[in-house]
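Please read the structure below before turning to the comments.
The values are calculated or read from the model by the stated rules, or taken from the named source; none is laboratory data. Predicted model, so just to flag it, every value in this text is computed and none were measured. Glycine also receives a Cβ, built like all others from the backbone with ideal geometry; neighbour counts cover every protein chain displayed.
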Amino acid sequence: MSCSRSNYQQNEPLLSHFQFSDTMFETSFEKGSLPPSLFTHEAHLRLTWIYIKKYGEKKAAKKISREIEQFDTLHGSGDKFHKTITIAAVKVVDHFIGKSKSTDFKSFIHEFPRLKTAFKELLHCHYGTEILISQKAKMRFVEPDLLPFP
């Protein structure tokens, strides 16, 4: 069995970020060795959850912004990173962590499936479309115009 993946044989194809333990998922992402196809919306939420649990909301926001921007540059054209959405995701996930009884990400996302299935709608409670599509919001964090984060 591989040390880097939990519960999977080394020769099995990587189909999901859940094939990695939290530690190896974080490490693989930060090293840039996580296949980009595995960095889905759910994986983004998981990394956010890991960072908040490990570093707290403020440090998690800084760290995840830096790491996602680097990952985007390494595996793409560097134009997909969106600062406001990234920071907003940290604030939203942190809010739900505060309400959660879960001790692992799988249980957490099962407890709050809207994070996975209706994330855009959650963001639109805080932001009007004009802000989220703006170049300014893409480059730096913009405070919500509709409903402030707690």
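Before moving on, here are some points about what is shown:
- Among residues of the stretch 27-47 that are more than 19 Å from LYS62 (Cα to Cα), those with a beta-carbon under 6 Å from a residue that is of a type in the set (Lys, Arg) at least six positions away or on a different chain give the pairs GLU42/LYS116.
- Pairing each residue of the stretch 122-147 that is at pLDDT 95 or above and among the aliphatic types (A, V, I, L, M) with any residue that is surrounded by fewer than 16 Cβ atoms within 10 Å (Cβ to Cβ) and outside any loop (DSSP other than H, G, I, E, B), provided the two are 6+ apart or on different chains, yields C-beta distances under 6 Å for LEU147/CYS125.
- Residue tally, condition within 11 Å of TRP49 (Cβ to Cβ) and in a helix (DSSP H, G or I), over the stretch 104-132: 6
- If you go through the stretch 112-122 and keep only what is touching a helix residue (DSSP H, G or I) at 6+ places or on another chain (Cβ under 8 Å) and either loosely packed, with under 14 Cβ neighbours inside 10 Å or among the charged types (D, E, K, R) (or both), you end up with ARG114, LYS116, GLU121.
- Residue match in the stretch 133-141 (condition: under 24 Å from PHE18 (Cβ atoms) and assigned to a helix (DSSP H, G or I)): no
- Residues being farther than 14 Å from PHE108 by Cα, part of a helix (DSSP H, G or I) and among the hydrophobic types (A, V, I, L, M, F, W, C) - total across the stretch 16-65: 7
- Residue among THR73, THR84 that is in a helix (DSSP H, G or I) and surrounded by fewer than 16 Cβ atoms within 10 Å (Cβ to Cβ): THR73
- ARG140 satisfies every condition listed in (1) touching a Lys or Arg at 6+ places or on another chain (Cβ under 6 Å); (2) buried (at least 17 other Cβ atoms within 10 Å of the Cβ) except (2).
- Screening LYS101 with (1) assigned to a helix (DSSP H, G or I); (2) of a type in the set (Lys, Arg); (3) free of Cβ contacts under 8 Å to residues at least 60 places away in the same chain gives one miss only, at (1).
- Checked against (1) closer than 17 Å to GLU57 by Cα; (2) in contact with a His (Cβ under 8 Å, 6 or more places away or on another chain), ILE97 passes all but condition (2).
- Filter pass, ALA61 being among the aliphatic types (A, V, I, L, M), buried (at least 19 other Cβ atoms within 10 Å of the Cβ) and farther than 23 Å from GLN19 by Cα: yes
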